[in-house]
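Step one of this worksheet: look at the structure below.
The values are calculated or read from the model by the stated rules, or taken from the named source; none is laboratory data. For clarity, every value in this text was computed on a predicted model and none was experimentally measured. Don't worry about glycine lacking a Cβ; one is built from the backbone with ideal geometry, like all the others, and counts go over all protein chains shown.
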Amino acid sequence: MVDIRKILVLVDFSRNSAEAVRYGLTLAHSLGARLCFLHTVNQRIMDALQELSSKGYKGDFLQALKKLMEDRENDLREFVPKEELAGVEAEFLIRKGEPVEEVVSAAGEYSVDLIVVGSQGHAASANGSVGTVAQDVINRARCPVLVVRPIEHDFIEKP
């Protein structure tokens, strides 16, 4: 029997990641698993803020970065339906860096048994294929990855 005790759900605030959250919650309830919700602030944003600062643009970019991280954590907590968290142990993680690197790193650090990701995030193309981050996570993760596609046939009930 497969023993899934920890599930990492990737969140980029897209519609597909909302479905990934829904699947993660359903699986956690069914399996008695712990959930970790992860949002990554892309390294490109960090680099852009540092470049503005180094080029002498006025502004407190360190404070802006701190505010961005706080806002993202609040957004992540609001993105996950509180009423569906009842009875599930959950953590909310905010990382900064390259998304795939951070996912693989977090999965290892938290000894994750399953990663749940939407098939496409905000940067997805219109062709309906699996997005770059999802594909790279599939290729690099050391545990199974459940890719949640836009719903055509759903096997879990909506609340």
Problem set entry | Top-ranked residue of the range 147-159 - restricted to ones that are surrounded by fewer than 16 Cβ atoms within 10 Å (Cβ to Cβ) and touching a strand residue (DSSP E or B) at 6+ places or on another chain (Cβ under 9 Å), ranked as modelled with the lowest pLDDT | PRO150
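Could you check, for the range 52-68, whether at least one of its residues is surrounded by fewer than 20 Cβ atoms within 10 Å (Cβ to Cβ), at pLDDT 95 or above and among the acidic types (Asp, Glu)?
Scanning the range 52-68 turns up no residue that is surrounded by fewer than 20 Cβ atoms within 10 Å (Cβ to Cβ), at pLDDT 95 or above and among the acidic types (Asp, Glu).
Yes/no matrix, rows are residues, columns are (1) of a type in the set (Ser, Thr, Tyr); (2) out of contact with any Pro (no Cβ under 6 Å at 6 or more places or on another chain); (3) assigned to a helix (DSSP H, G or I); (4) surrounded by fewer than 17 Cβ atoms within 10 Å (Cβ to Cβ):
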{"position": "ARG72", "(1), (2), (3), (4)": "no, yes, yes, no"}
{"position": "ASP75", "(1), (2), (3), (4)": "no, yes, yes, yes"}
{"position": "GLU91", "(1), (2), (3), (4)": "no, yes, no, yes"}
{"position": "GLU102", "(1), (2), (3), (4)": "no, yes, yes, no"}
{"position": "SER105", "(1), (2), (3), (4)": "yes, yes, yes, yes"}
Exercise. Which of (1) at pLDDT below 95; (2) surrounded by 13 or more Cβ atoms within 10 Å (Cβ to Cβ) is the odd one out, the single condition ALA33 does not satisfy?
Worked result: (1)
Exercise. Which ones in the range 111-145 are part of a loop (DSSP other than H, G, I, E, B) and at pLDDT 65 or above?
Worked result: SER111, VAL112, ASP113, SER119, GLN120, GLY131, ALA141, ARG142, CYS143, PRO144
